[in-house]
Amino acid sequence: MNKDQLVRTAEAIVAPGKGILAADESSGTIAKRFAATGVASTEETRRDYRELLFSSEGAINQYISGVILYDETIRQTAKDGTPLVKLIEAAGAAPGIKVDLGAKPLANFSGETITEGLDGLLERLNDYQRLGARFAKWRAVIDIDSSKGIPSAFAVEANAQMLARYAAVCQNADLVPIVEPEVLMDGDHHIDRCGEVTEFVLKTVFMRLYEARVFLEGTVLKPNMVVPGRKNPKQASPEAVARATIRVLRNCVPAAVPGVAFLSGGQLDVEATANLDAIKNLGGPWALTFSYGRALQAAALRVWAGKPENALAAQAAFSHRAHMNALAAQGRWTEKDERLAA
Ligand code: 13P
C-alpha cells in the first residue's frame, strides 16, 4: 500500500472548489434514464452521451476533480478513437470506477439488500488500475421503513462489513476507496428518523473500517445528506438539512478522513446545490463537496435527448450545474447565480 499516493489522490478528488461527477450508472440504470427522454440505450448512445459530458468545455477542467465510470465506459473510446479515460485525464480530473456489482436481496430480510462484488475484487482492481483508474466506489443501500422494521441492525452490519473489506482491498491496490453507505430518501419519514438511521449506519461503518485496518487518510466518504423522506409533507429548508447533516457527521466521521463528497440521491438539481451550500457554510473538519449523478446530469440529459444537434446545449446545461455546485462546495452559491448563468 502506497500511503503517500493514497493521500495525494484522496486530497485531489476533494480539492477546494471541485467535486466528483458520478457517471457510473449501470447499463440497466442508464437505460431507464435514457428511456425517460426517449433515447434507446445502446453501446453507442451510452458512449456518445458520456463523451459529450467528458468533453464539455469549461466543466470537467474547471469544476470536476474526478469522474466515476462504469466497467463498460472505462474501456470505451471516443468517436475519434481516444480512450474516454484520456479525455478525463486531459481535462485534469482523476478517473474512478464503480466496483461493486449491485445491491441484491438480503436473504431472510425482506425489503433489504446487500451489495455484492468482493469475489475476485483484487484482480478486477488491478485491471482497472492498468486502464487508468485512481479511485473506486462501492455503494451500500439502506432503506428506511419503520412499519417493517427496516433497516435491521443485521443489514446495516452486513453492508458495513462489505464496505470495510472493499476499502481494505482497494488500498492494497493503491486505489482510493470512496465509501458510500446511502440511506435512501424514498419513504415518508421525518428528517429526525433519517438522522438516527444515518448516525447508526456511519458509526457502524467507521467501526468496521477500523477493524479492517483501513487507512482513513486515504479514503473519501460519500454519504447521503440528512433529509426528510420524499413523501413526507414536511420538507426541510437547506439550513435545517445542513444542521442535521453536520451534527450527524461530527458525531461519526473522524477528522482523519480528508473529505466528504455527498450523493444527491434524488434531490432536485437546485435543491442539491442549495443544501450543499448550506452544509459548507456550517463546515466540518473535512473538505465538503459533491459527488452527484442525477443532480449534475438530469438537465443535460433532458436537453440532449439523443440528438447530435443538441450536444452543445446539453454541454452548456452540464457546465452550468457543475459551476453551481462548485460554488456551493465553497459556500459561495446564491439563487442569483442560477438566474445570471441560466
Ligand atoms: P446520485 O447523485 O444520483 O444519487 O448518484 C450518485 C451515485 O454515485 C450513487 O451511487
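The values are calculated or read from the model by the stated rules, or taken from the named source; none is laboratory data. These numbers were taken from a predicted model, which means no experiment stands behind them. No Cβ is skipped: glycine too gets one built from the backbone with ideal geometry, and neighbour counts run over all protein chains shown.
Would you confirm whether or not segment 187-206 contains a residue that is without any contact (Cβ under 8 Å) to a residue 24 or more places away in the chain and surrounded by fewer than 21 Cβ atoms within 10 Å (Cβ to Cβ)?
Yes: one or more hits.
Enumerate the pairs (first residue in segment 249-274 and farther than 16 Å from residue 222 by Cβ; second residue anywhere and within 14 Å of the ligand (Cβ to nearest atom) and in a strand (DSSP E or B)) with beta-carbon separation below 7 Å, excluding pairs fewer than 6 apart on the same chain, so at least 6 apart or on different chains.
Final answer for the pair search is none.
I need the full set of residues from segment 222-247 which are in contact (Cβ under 8 Å) with a residue 60 or more places away in the chain and in contact with a Leu (Cβ under 8 Å, 6 or more places away or on another chain), in order please.
222
Of everything in segment 292-319 that's basic (Lys, Arg) and touching a residue at least 12 places away in the same chain (Cβ under 8 Å), which residue is nearest to the ligand (Cβ to nearest atom)?
Checking each candidate, the answer is 294.
Between 241, 220, 227, which is surrounded by 24 or more Cβ atoms within 10 Å (Cβ to Cβ), of a type in the set (A, V, I, L, M), over 17 Å from the mean Cα position of the chain (by Cα) and within 16 Å of the ligand (Cβ to nearest atom)?
None of the other options fit; the residue is 241.
Might you let me know whether segment 289-299 holds any residue that is under 25 Å from residue 178 (Cβ atoms) and modelled with pLDDT under 95?
No, that holds for no residue.
For residues that are surrounded by fewer than 20 Cβ atoms within 10 Å (Cβ to Cβ) and away from the ligand (no atom under 16 Å from the Cβ), scanning just segment 253-269, find the one that is nearest to residue 330 (Cα to Cα).
Checking each candidate, the answer is 255.
Yes or no: residue 143 touching a residue at least 24 places away in the same chain (Cβ under 8 Å), surrounded by 15 or more Cβ atoms within 10 Å (Cβ to Cβ), farther than 28 Å from residue 63 by Cα and acidic (Asp, Glu)?
Criteria met by residue 143.
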